[in-house]
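Engineer: Here you go, one structure.
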Amino acid sequence: MVVKLLATDIDGTLTKDRSSVVLPLEVIRYMRLLESRGVLVVLVSANALPIVVGLKKYLGLKGPVIAESGALVYFRGSEIVSLTKLSARKALEDVLNNLGRYVENSWQNMFRLHDFALKIRKEWRSRAEEAYRAVKEYVESRYGWVKVSYSGYAIHLTPSDVDKGKALLYVMDRLGISRDEVAAIGDSSMDVDLIRVAGIGVAVNNADEDLKRVADIVTSKPSYEGFIEFADKILNGLLK
């Protein structure tokens, strides 16, 4: 298999570990090395678009980026494509007003259009799953167009008609790249749709179990080390 495009989640996949936002220098070197060998690296994130675009530019990457859990795609220049007309903003305001004991607003939300993030309050972080389930049940029972997911970093309220996989398919179609030329790698449940649409779907070793179950490859190493492990396979022509 010749990989022309590698779609990668950021938090927990490129970072030092699943609780860090630090990108080790070695993973940056590998992303640049991949692009120097003709492999487009597409950053895919639940983060706000300005963060992901800024990261792409400062890293010197050439590919488009996917943000807001697949709701927005940025192409070279200044083209921004919204893949949904829906917004979860009303659900966000409702949760903040009624479930504020569990969660607090994210500063990123002032830069978001469709997908919105909630940070679990410090006193609930040891019971994060309970807080997430409370928000999920509340929102999905009241807002049929919103789905609730948890990345391990934040709870996300996302329009139900978008996901990272649909956004990657859109990018593939725009760039004329086929499924068997695409690999995708991630760490969380929110990356399941992403790796399913790629020719090769990869989970880093410390990924959520439901992601590992649908992955074609599970790396032997966690987070950024797992990304480097898979990047080495691409660079050395070890994929079949």
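Computed from the coordinates by the stated procedures, all read-outs in this text should not be read as laboratory data. Remember, it's a predicted structure, so these values are computed and weren't measured experimentally. Please note: Cβ atoms are built from the backbone with ideal geometry, for glycine as well, and neighbour counts cover all protein chains shown.
Engineer: Using only Cα atoms and rounding to the nearest 10 degrees, what angle (0 to 90) does helix 89-98 make with the longest principal axis of the chain?
Structural biologist: 50
Engineer: What residues have an amide H closer than 5 Å to that of V103, excluding those fewer than 5 places away on the same chain, when H is modeled at 1.01 Å from N in the peptide plane?
Structural biologist: R121
Engineer: What trypsin sites (Lys or Arg not before Pro) does the range 62-137 have in DSSP loop regions with at most 14 other beta carbons within 10 Å?
Structural biologist: Details: sites: K62, R76, K85, R89, K90, R101, R112, K119, R121, K122, R125, R127, R133, K136; in loops: K62, R76, K85, R101, R112, R121.
Passing both the DSSP loop test and the Cβ count: K62, R76, K85, R101, R121.
Engineer: Just the number, please: Stokes-Einstein D of the chain in µm²/s, Kirkwood Rh from C-alpha pairs, 4 °C, 1.567 mPa s. Don't skip to the end; give the middle numbers.
Structural biologist: Numbers: Rh = 17.8 Å.
Estimated diffusion coefficient is 73 µm²/s.
Engineer: Now for a separate question. Using Cα pairs under 8 angstrom and six or more residues apart, how large is the relative contact order of the chain, in percent? Present the calculation step by step, with values, prior to reporting the outcome.
Structural biologist: Values: 506 pairs, mean separation 53.0, N = 240.
Relative CO of the chain lands at 22 percent.
Engineer: Let me ask another. About its Cα centre, what dipole magnitude does the range 5-48 give when the only charges are +1 on Lys and Arg Cβ and -1 on Asp and Glu Cβ, stated in debye to the nearest 20? Don't skip to the answer; put the middle values down first.
Structural biologist: On the way: 5 positive and 5 negative charges, 27 e Å.
Dipole about the Cα centre, nearest 20: 120 debye.
Engineer: Against the empirical 2.2 N^0.38 Å scaling, what ratio does the C-alpha Rg of the range 89-159 come to?
Structural biologist: Values: Rg = 10.8 Å, N = 71, 2.2 N^0.38 = 11.1 Å.
Taking N as the residue count of the range 89-159, the ratio is 0.97.
Engineer: Still on this structure, please answer the following. Check cross-link reach from K136 to the lysines: straight Cα distance under 17 Å, and skip same-chain residues fewer than eight apart.
Structural biologist: Result set, ordered by chain and number: K90, K119, K147.
Engineer: Return the aspartates and glutamates within reach of K57: Cα separation strictly under 20 angstrom, same-chain partners fewer than 8 residues apart disregarded; answer none if there are no such residues.
Structural biologist: List returned: D9, D11, E26, E35, E68, E79.
Engineer: Normalised radius of gyration for the range 148-240, please: alpha carbon Rg relative to 2.2 N^0.38 Å, two decimal places.
Structural biologist: Working: Rg = 13.4 Å, N = 93, 2.2 N^0.38 = 12.3 Å.
Taking N as the residue count of the range 148-240, the ratio is 1.09.
Engineer: Two decimals, Cα atoms only, Kirkwood Rh: what is Rg/Rh over the range 15-114?
Structural biologist: Values: Rg = 15.9 Å, Rh = 15.3 Å.
Across the range 15-114, the Cα-based Rg/Rh ratio is 1.04.
Engineer: Here's a follow-up. Taking the 0 to 90 degree range and rounding to the nearest ten, how far is the long axis of helix 128-140 tilted relative to the main principal axis of the chain, both from C-alpha atoms?
Structural biologist: Around 70 degrees separate the two axes.
Engineer: Quick one: 3J(HN,Hα) in Hz for the range 195-207, Karplus 6.51/-1.76/1.60 with θ = phi - 60°, rounded, Gly and Pro as x.
Structural biologist: For the range 195-207, the Karplus-derived couplings read 6, 5, 8, 7, x, 10, x, 10, 10, 6, 4, 9, 6 Hz, x marking Gly and Pro.
Engineer: To the nearest 10 degrees, how steep is helix 25-36 against the longest Cα principal axis of the chain, on a 0 to 90 scale?
Structural biologist: The helix 25-36 is inclined about 60 degrees to the chain.
Engineer: K147's amide H: which non-local residues (gap 5+, or another chain) put their own amide H closer than 5 Å, with H modeled 1.01 Å from N in plane and none for Pro or chain starts?
Structural biologist: It is T158, S160, by chain and number.
Engineer: Could you run the Karplus curve 6.51 cos²θ - 1.76 cosθ + 1.60 with θ = phi - 60° over the range 232-240 and give me ³J(HN,Hα) per residue in whole Hz, x for Gly and Pro?
Structural biologist: With coefficients 6.51, -1.76 and 1.60, one gets 4, 5, 4, 5, 9, x, 9, 8, 10 Hz.
Engineer: Is there a quick way to get the dipole size of the chain? I mean about its Cα centre, with the Cβ of Lys and Arg at +1 and of Asp and Glu at -1; what is the value in debye to the nearest 20? Kindly include the intermediate steps, with their values, before the conclusion.
Structural biologist: Values: 34 positive and 31 negative charges, 86 e Å.
About 420 debye.
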